[in-house]
């Protein structure tokens, strides 16, 4: 007779399948919804902050993609906060020297002091850039990113609603080697697939949302009212913390999914270290709903997949009930099917990965890469930073509906 443990595991596996089906439906729904074009797009003056550190191979591509935006060039102000020790500053200065043909205003800032202790370096740079920003609408990206032509329009349109203070769009990791492709499948596919699914529910429940540092838009008014990053300046995933802080202050947020609003970004040279930083940042936040979603995304499949692997291995050394062995095989096969069907689905979605290269080697290793990432999340539980959310609850401002 099958054990109680495996009955519970099979029920959790069934729940896992149901979640993926719901996510698939949400992705399909969102991929045909041009929500930021429901009305006439607003194109107000905007200050774009770009953090840069040793990005000589990417900064020109970033600037050219901003100059190519479907947006009035005279309404774009670019502020680059650069901490590079390579050739990046010279490249930017040469670009500024040719500003007449570039048509957009670009300013280069070199921070005079490093980030104070317990302050995220990106937060330090954003705070410096905010002091020089001349406009009420703020956008943020990074120097290794290249936004698609509709990016800025998609960020600004929702901010025309006074109830909305924070907006983001999704990204895709570029590159053709194995590491870049695996990062793209996991980050650009799995992460934003889940984001598409939960965003439909989150927006109606009006709970704090999700964000990605490669593509942010927010109101200066909202930023000032919540006192910016005060109290959250140390958190590794600063974009999620700021979004959550604005949400608790009464502002709504939006996450835009549209092919023209994507932001292409370079693969990280050390993806393991990067993901551990993300996961540790999760534990610093005060968004417990976010923890639940992340736990279900990484730890739930890790639990039943690892249990299945251990049961299969133990079968060769000790006596295991045949029913439990077959249950373990069923769990492994089911998890393989779910993950690869999901991969097929979001690789065909115009919103996510359609048109981007996927190597055969990356597809073969995809399951094992996800399994490794699940273990990274597990280890992050024991290595989470001691510094946690410490800002006081801000007073909720009166937000006009008119």
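Just so you know, all these numbers are worked out from the coordinates, no wet-lab data involved. What you see is a predicted model; the values in this text were computed from it and never measured. Cβ coordinates were reconstructed from backbone atoms using ideal geometry, including for glycine residues, and neighbour counts include every protein chain displayed.
Counting alpha carbon pairs within less than 8 Å and at least 6 residues apart, what relative contact order, in whole percent, applies to segment 35-270?
26
Can you sort 219, 314, 14 so the residue with the fewest Cβ neighbours within 10 Å comes first?
Lowest count first: 14, 314, 219.
Test of understanding: ordering 312, 66 by Cβ neighbours within 10 Å, fewest first, what list do you get?
312, 66
Using the Cα gyration tensor of segment 35-270, with a ≥ b ≥ c the square roots of its eigenvalues, what is the shape: rounded (a/c below 1.5), prolate (a/b larger than b/c) or oblate (neither)?
Judged from the Cα gyration tensor, segment 35-270 comes out rounded (a/c under 1.5).
Round to the nearest 0.05 the FRET efficiency obtained for residue 136 and residue 96 when R0 = 22 Å and r is the Cβ-Cβ distance. Intermediate results must be reported in sequence, preceding the final value.
On the way: r = 24 Å, r/R0 = 1.09.
In this case the efficiency is close to 0.40.
Compute the Cα gyration tensor for segment 291-387, then decide on rounded, prolate or oblate, letting a ≥ b ≥ c be the square roots of its eigenvalues: rounded whenever a/c is under 1.5, prolate when a/b is larger than b/c in the other cases, and oblate in all that remain.
Values: a/c = 2.35, a/b = 1.28, b/c = 1.84.
Because a/c hits 1.5 or more and a/b fails to exceed b/c, segment 291-387 counts as oblate.
Return 159, 300 ranked ascending by Cβ neighbour count within 10 Å, so the fewest neighbours appear first.
On the way: 159 24, 300 16.
So the ranking, lowest neighbour count to highest, is 300, 159.
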